[in-house]
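Asker: Can you keep this structure in mind? I'll have questions shortly.
Just so it is clear, none of the values below were taken in a lab; they were calculated from the coordinates. What you see is a predicted model, and the numbers here were worked out from it, not measured in a lab. Every residue, glycine among them, receives a Cβ derived from its backbone with ideal geometry; neighbour counts consider all protein chains shown.
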Amino acid sequence: MSLLNPVWTSLLYLVAAVFFILALRGLSSPRTARRGNLIGALGALIGVVTVFLSAQLDNVPWILGAIVVGSAVAAPVARGVKMTQMPQLVAAFNGVGGGAAALVALLELSHAGDPWVRLAIVFTLLIGAVSFAGSGVTFAKLQELMTTRPVVFRGLPVVMAAVLLAAVAAAVVVVFTGSLPLALLLLVLGLAAGILLVLPVGGADVPIVISLLNAFTGLAVAASGVVLGNVLLVVAGTLVGASGTILTRAMAAAMGRSVAGILFGAFRGGSTAGSTAVSERPVRSSSAEDVAVLLGYAQRVIIVPGYGLAVAQGQHTAAELALALESRGIEVDFAIHPVAGRMPGHMNVLLAEANVPYESLKEMGEINPEFKTADVALVVGANDVVNPAAKTSSGSPIYGMPILEVADARQVVFLKRSMRPGFAGIENDLLYEPQTSLLFGDAKDSLAQVLGAVKAL
């Protein structure tokens, strides 16, 4: 017997849906992101509790056991994950969501007599499987369990087209017959399509594909809501699908590329993965004391964080250095590129963890005109997002990508571990310019040495 009547069920679903919308609103700004995340979690809790109180559920002990086991695994993993591994965690969670939607659809096939419901089932099966397998490949690339460079082979477009045609044919038959063996075949074809979709993607394009697969998962969840007759799943999945699509387009625009170019650019040599060769041209290196003098006697400093800062876990030291400079009357800002790091907002989250004021985090469009007024641009672990090749070299794989205009600063200081190229695998000519100096070493250690030298001035 249900404890909630349909009116209260619908009302609680509406409340949960409103919470999801407010959560997306909160996640649109670093200042409100934490609150938005909590609101979204509360909405999900309301939705789950409502299902328990309103539906006639079988095997409740098994359901509760699965929730306990899942929570016992997920909570420690989420709390213990390193900031550098956050994109991998997002990819893994996204893949699990798509896979779960696909499995639910497969189990519901035997109960579906309406062809329209079976249409929603095959859609969920295919898109959920693509998201699951594709997310697994992105996880492996980001975790460096496999090469981050594009993986292509002769005839890949033909194989991909054949898989998609076979999937469409299987889907049509399942819609009209409800065949379980063909549904299983469709699931396998979806997994193959997900792998083939992501394999050719390399370099800095991987985070964008994660966002696209997130949109796929949202669509799969929305379709599973149709299968189960659950309005909240339809609303939540649609919101995720829409927001993921918008974010994917925004990130692609920030890269100066189309989504199609990102997915299929490797077929014509347009991937963002380039050569990993290291130039033998000379560079001007500096000591921590030299960098401290530049910073300590500047009037305006702009710090450009990148993935190397996250790897070194140097965000707290960077924040302390900014405070030390500000105590000397120096204006300090952090320049945030939309695709710096390995996922959208990576640098915002990293610096928020170190309690850097939100007012000091300036997006690319706002900060770029201000580089001309900066005495020093301090680049910490970033490379591709400041590479002038995006503007000057038409043959570069990142040509056309909007960049942070650090070359406009009077002095540029790079904190780098080595001369190896960035994630896109291409050389940065800015490293060899006369106004550029390099401080080699672990970003956190280098920042600590510079901080100590600044305090000693």
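Asker: Can you give me the convex hull volume of the Cα atoms of the range 81-268, divided per residue and expressed in Å³?
Answerer: On the way: hull volume 21.0 nm³, N = 188.
About 112 Å³ per residue, rounded to a whole number.
Asker: Using packing as a proxy for protection, rank 402-412, 375-385 so that the peptide with the highest average count of other Cβ atoms within 10 Å comes first.
Answerer: On the way: 402-412: 20.6, 375-385: 26.9.
Descending mean neighbour count gives 375-385, 402-412.
Asker: Another one. Can you tell me which aspartates and glutamates have their Cα less than 12 Å from the Cα of residue 372? Leave out same-chain residues fewer than eight positions away.
Answerer: 405, 408
Asker: In addition: Put +1 on the Cβ of every Lys and Arg and -1 on every Asp and Glu Cβ in the chain; which of 436, 413, 160 then has its Cα farthest towards the positive end of the dipole?
Answerer: The residue sitting farthest along the positive end of the dipole is 160.
Asker: Evaluate the distance, in nm, between pseudo-label points positioned 7 Å from the Cα of residue 154 and of residue 100 along their respective Cα→Cβ axes.
Answerer: 4.5 nm
Asker: Sticking with this structure for a sec: Take every Cα-Cα distance within the chain, group them into 20 Å bins from 0 onward, and report for each bin the whole-number percent of pairs it holds.
Answerer: 23, 50, 24, 4
Asker: Remind me, relative contact order of the chain in percent, using alpha carbon pairs under 8 angstrom and six or more residues apart? Numbers along the way, then the final one.
Answerer: Details: 818 pairs, mean separation 65.6, N = 457.
Relative contact order for the chain comes out at 14 percent.
Asker: Points 7 angstrom from Cα along the Cβ direction at residue 60 and residue 354: gap in nanometres?
Answerer: Going from the residue 60 label point to the residue 354 one covers 5.1 nm.
Asker: Also: Take the Cβ-Cβ distance between residue 32 and residue 326 as r, set R0 to 25 Å, and report the resulting FRET efficiency rounded to the nearest 0.05.
Answerer: On the way: r = 25 Å, r/R0 = 0.98.
According to the calculation, E is roughly 0.55.
Asker: Given R₀ = 35 Å, what would the calculated FRET efficiency be for residue 144 paired with residue 433, taking r from the Cβ atoms and rounding to 0.05? Walk me through the numbers before you get to the answer.
Answerer: Working: r = 31 Å, r/R0 = 0.87.
Step by step, r from the Cβ atoms, then E = 0.70.
Asker: Can you tell me, using C-alpha contacts under 8 Å and at least 6 residues apart, the relative contact order of the range 286-332 as a whole percent? It would help to have the intermediate numbers written out before the result.
Answerer: Working: 22 pairs, mean separation 24.2, N = 47.
It rounds to 52 percent for the range 286-332.
Asker: I've got another one for you. So what is the calculated 222 nm ellipticity per residue for the chain, using -39500 (n - 2.57) for each DSSP H run with n of 4 or more, over all residues, to the nearest 500 deg cm²/dmol? Please list the in-between numbers first.
Answerer: Working: 17 runs with 267 residues, N = 457.
After summing the helix terms and dividing by residue count, I get -19500 deg cm²/dmol.
Asker: For residue 82, list the lysines whose Cα falls under 27 Å from its own Cα; do not include residues on the same chain fewer than 8 positions away.
Answerer: Counting by Cα, and skipping residues close in sequence, residue 82 has these lysines nearby: 141, 362, 416, 444.
Asker: While we're here: Output the peptides 126-139, 435-448, 18-31 sorted from most to least packed, where packing is the average of other Cβ atoms within 10 Å over each peptide's residues. Intermediate values should be presented prior to the final figure.
Answerer: On the way: 126-139: 27.1, 435-448: 19.7, 18-31: 16.8.
Output ranking for 126-139, 435-448, 18-31: 126-139, 435-448, 18-31.
Asker: Quote the FRET efficiency, to the nearest 0.05, computed for residue 420 versus residue 289 with a Förster distance R0 of 35 Å and r equal to the Cβ-Cβ distance. Don't jump to the answer; show the numbers that get you there.
Answerer: Values: r = 25 Å, r/R0 = 0.72.
Using R0 = 35 Å, I get an efficiency of 0.85.
Asker: Anything in the chain that counts as a DSSP H helix reaching 24 Å or more along its axis (C-alpha) with Kyte-Doolittle mean of at least 0.0? List them, would you? Each step should come with its number before you reach the end.
Answerer: Numbers: long enough: 6-27 (31 Å, 1.85); 33-54 (31 Å, 1.34); 60-80 (30 Å, 1.53); 86-108 (33 Å, 1.29); 115-142 (40 Å, 1.48); 156-177 (31 Å, 2.73); 180-198 (28 Å, 2.84); 206-228 (33 Å, 2.04); 231-254 (34 Å, 1.69).
For the chain, where a helix must reach 24 Å along its axis and average at least 0.0, the hits are 6-27, 33-54, 60-80, 86-108, 115-142, 156-177, 180-198, 206-228, 231-254.
Asker: Oh, and also: Below 8 Å between Cα atoms, with a sequence gap of 6+, how large is the relative contact order for the range 81-268 in percent?
Answerer: Working: 309 pairs, mean separation 51.5, N = 188.
Relative contact order for the range 81-268 comes out at 27 percent.
Asker: Same structure again: What is the spin-label model distance, in nm, from residue 53 to residue 166 if the labels are put 7 Å beyond Cα along the C-beta direction?
Answerer: Taking the simple label geometry, residue 53 and residue 166 are separated by 4.9 nm.
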